[in-house]
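The values are calculated or read from the model by the stated rules, or taken from the named source; none is laboratory data. Bear in mind the structure is a predicted one, so any value in this text is a computation, not a measurement. Because the Cβ atoms are built from the backbone with ideal geometry, glycine has one as well, and the counts that use them run over all protein chains shown.
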């Protein structure tokens, strides 16, 4: 390995326990979106202790921060996250469903590892800049609310990411691969229907049911599904049904909606149709409708120049070595998913890489994917959404996945929470940190890579960034 890159690898290895400890503590905190006070403070305290320039409350978001080192260009952003999901509390390293805290939260998307792995990358880059004396700036961005609140998207709306020459990220996953392709954009709104309470038997004529309005709205959306693009998605959750007494007309009810489409303009158009259904439901039930904007995300813009560079570094670092005990734990947890025989979802039997991936996974029957996926440039959309997409509209952006979960674990699952506090998860976050750091070093060492990535970025974003977030919206806790 090149001497300059070895500086980053050595720094990450020397501080490995620092990063895995932070991952485990954030896993224990399991704080929900925009409420990650302990997690954000943990990061900020460590960065400040180690001499980074820390700025808290970015864009007016309490748990959003940045830690900066260096001076001049290139300016490389490393993206971190640390929010958990509700209802996913789980004992770590346990092969069966077992709540740690009844009704508690858990890191079902692995953001405890994501933030810590990105921190490792930032420390690796700092070591390179410090010991070589080369110009350049590395900024770790602590980005709260990826699961709801979308701090990166609000920062994008306000033009924040334009200051960067490139952004680098990663995500825990079921397989190790450089990510390509796009994703769905997304808008999230809460609909509140306010009616009138009344005795459901004695004086129902005086009642106006908020719950009726929610149910009528949901039914209207079900009929809408036949008349929208097949790649679009609409999800909802009734967050307040108006009470638990059936003999009381529920005066207030709330429903939270997520609307997805590939392009932002299509997402906005579909959201307006959902708004009309809500307005009609309010009219039909004679209730008062109010709408609360939660967040909005843009689709991802891929960058093949940066993807190729990241793939080289992924292959240079290589996969971690796993112990027999780690393989056994992964097999035990994976057995609960019922997913045996399934290859990573982007692979099908007509794929040119099918034979290789099938062999490496023993036709999908391994509990842990312990190999590197081939690089796969793609414009195909993922049905999910991420606020990394908003970053990618304002600066060249690249990201990877690292095997931290079992091979067949579904997203946002107790299995992922369980794996998030294991040595397998630790090895995945360190792998992600090393690959990101080496990719950043390539950008400092060779300006032509940034030039080529920027040229591709300009072509892909020539239509201009359309933020799905209104200018008067503020990050909102669900």
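So the values come out like this:
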quantity	calculated
Failed criterion for residue 245 (all others in (1) more than 33 Å from the chain's Cα centre (by Cα); (2) assigned to a strand (DSSP E or B) hold)	(2)
Any pair with Cβ under 8 angstrom, 6 or more apart, that starts in the stretch 436-451 at a residue that is in contact (Cβ under 8 Å) with a residue 40 or more places away in the chain and assigned by TED's automatic domain parsing to the domain that holds residue 7 and ends at one that is in a loop (DSSP other than H, G, I, E, B) and buried (at least 18 other Cβ atoms within 10 Å of the Cβ)	443/74; 443/165; 444/74; 447/74; 450/74; 450/165; 450/396
Test: residue in the stretch 128-151 that is closer than 25 Å to residue 473 by Cβ, part of a helix (DSSP H, G or I), out of contact with any helix residue (DSSP H, G or I) (no Cβ under 7 Å at 6 or more places or on another chain) and in contact (Cβ under 8 Å) with a residue 24 or more places away in the chain	yes
Residue among 432, 384, 411 that is crowded, with 21+ Cβ neighbours inside 10 Å and touching a residue at least 60 places away in the same chain (Cβ under 8 Å)	432
Count - residues of the stretch 435-449 that are surrounded by 23 or more Cβ atoms within 10 Å (Cβ to Cβ) and part of a loop (DSSP other than H, G, I, E, B)	0
Any pair with Cβ under 7 angstrom, 6 or more apart, that starts in the stretch 201-212 at a residue that is touching a residue at least 12 places away in the same chain (Cβ under 8 Å) and assigned by TED's automatic domain parsing to the domain that holds residue 255 and ends at one that is crowded, with 19+ Cβ neighbours inside 10 Å and part of a helix (DSSP H, G or I)	208/285; 209/285; 212/285
Residue within the stretch 142-149 that is in the same structural domain as residue 9 (by TED's automatic domain parsing), more than 25 Å from residue 268 (Cβ to Cβ) and buried (at least 21 other Cβ atoms within 10 Å of the Cβ) present	yes
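Residue by residue, here is whether (1) closer than 30 Å to residue 268 by Cα; (2) under 22 Å from the mean Cα position of the chain (by Cα); (3) outside the structural domain of residue 397 (by TED's automatic domain parsing); (4) part of a loop (DSSP other than H, G, I, E, B) holds:
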{"site": "291", "(1), (2), (3), (4)": "yes, no, yes, no"}
{"site": "310", "(1), (2), (3), (4)": "no, yes, no, no"}
{"site": "313", "(1), (2), (3), (4)": "no, no, no, no"}
{"site": "321", "(1), (2), (3), (4)": "no, no, no, yes"}
{"site": "345", "(1), (2), (3), (4)": "yes, yes, no, yes"}
{"site": "349", "(1), (2), (3), (4)": "no, no, no, yes"}
{"site": "356", "(1), (2), (3), (4)": "no, no, no, no"}
{"site": "359", "(1), (2), (3), (4)": "no, no, no, no"}
